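Below: the structure, in structure tokens.
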Amino acid sequence: MLTTKGFQAAFSYWQLFLQGVVCTVSLSLLTVILGFVLALVLAILRMGRTKILRALATAYVELFRATPMIVQVFIIYYVVFNGVKVLPGLKLFGFIRFDRFFPAVVALALNSGAYLSEIIRSGIQSVDGGQTEAARSLGLNAVQTMRFVVLPQAIKNILPAIANEFVTIIKESAICYTIGVQDIMSAVNAVKGATYRTGEALIIATVLYFCLTYPTSKIIEHFERKMRRGDIR
């Protein structure tokens, strides 16, 4: 049962929750950046003419989309990074352990890249082929055509889906507390161990996640409307 004393005890650890918010936001931002770069490469490879690269990119996407994220996180942490023995014991912002944080970023980015690649690929395919032909006729090479003509329009078309993926990453990053990342759920676990109460800490965590995801989605919607005003005109 939730009690006032329980919330008072949980709020006394507000610094842990604040650190958890900073860690969660940092984790999500880095994941989105790295995941987007990886997704762009995968999308281009899957649309390329080289069969081997196309097959490898397809196998990667299908593998990461068909396996649980917690398994991927454990493999990256315990197998690839060998239980953080190969990473320095640095602390970001004075409290985020780099040897736990970096493997989490890698795992989330690899997973997110698989999903974002399909979004980006559909966005590129949604751009009319005639625009590519027009750009090439003006003297632009394939890279310039993709950078200046196709990608700007594709990103505008898939912006809502990318925003949704970012919100998803913020929520799914909670799983990283299982490898010792000091995110919001790690704060919940610490409060649970100190007060022997879980409900109040979980309610606080729920509110914090909502405060992160809801405004983010609204901000993206605002920019989406501004980007589409040119289409209406």
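The values are calculated or read from the model by the stated rules, or taken from the named source; none is laboratory data. Just so you know, these numbers come straight off a predicted model, no measurement behind them. Cβ sites come from the backbone with ideal geometry, for glycine too, and all protein chains shown count toward neighbours. Accessible surface is based on the protein model in full, side chains and every heavy atom, while ligands, DNA and RNA are left aside. Shrake-Rupley method; radii C 1.70, N 1.55, O 1.52, S 1.80 Å.
Structure summary
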{"read-out": "Förster radius 22 Å - calculated FRET efficiency between His222 and Ser126 (Cβ-Cβ, nearest 0.05)", "value": "0.50"}
{"read-out": "Most positive-pole-ward Cα, Val105, Val71, Ile44, against dipole of the chain from beta carbon charges", "value": "Ile44"}
{"read-out": "For segment 12-83 and segment 151-167, distance of Cα centres in Å", "value": "17 Å"}
{"read-out": "Estimated 222 nm signal from helices in the chain, with DSSP H stretches of n ≥ 4 weighted -39500 (n - 2.57), rounded to 500", "value": "-25000 deg cm²/dmol"}
{"read-out": "Accessible carbon and sulfur surface of segment 1-144 relative to its total accessible area, %, 1.4 Å", "value": "67 percent"}
{"read-out": "Accessible surface, per residue, of the chain when the full set of protein chains is kept, probe 1.4 Å, Å²", "value": "56 Å²"}
{"read-out": "Among [x] 7, 27, 34, 24, 7, 1, 0; [y] 7, 33, 36, 18, 6, 1; [z] 7, 26, 29, 21, 11, 4, 1, 0, the entry that matches P(r) over Cα pairs in 10 Å bins from 0, in percent as calculated here", "value": "[z]"}
{"read-out": "Highest to lowest packing among 94-104, 21-31, 59-69, 134-144, scored as the average C-beta count within 10 Å", "value": "21-31, 94-104, 59-69, 134-144"}
{"read-out": "Selection from Leu159, Tyr177, Leu18 lying farthest towards where the dipole of the chain points positive, charges on Cβ", "value": "Leu159"}
{"read-out": "Dipole magnitude (debye, nearest 20) for segment 77-233, charges at Cβ of Lys, Arg, Asp, Glu", "value": "300 debye"}
{"read-out": "Segment 1-49 - Debye-derived log10 I(q)/I(0), Cα point model, q = 0.18, 0.22 Å⁻¹", "value": "-0.69, -0.81"}
{"read-out": "Mean separation of Cα contacts under 8 Å, 6 or more apart, over the residue count of the chain: relative contact order %", "value": "30 percent"}
{"read-out": "Pairs of lysines in the chain (C-alpha under 21 Å apart; 8 or more residues apart or interchain)", "value": "6"}
{"read-out": "DSSP-loop chymotrypsin sites (Phe, Trp or Tyr not before Pro) across segment 124-199, with at most 14 other Cβ within 10 angstrom", "value": "Tyr196"}
{"read-out": "Span-like helix ranges in the chain, DSSP H, alpha carbon extent 27 angstrom or more, Kyte mean at least 1.0", "value": "14-46"}
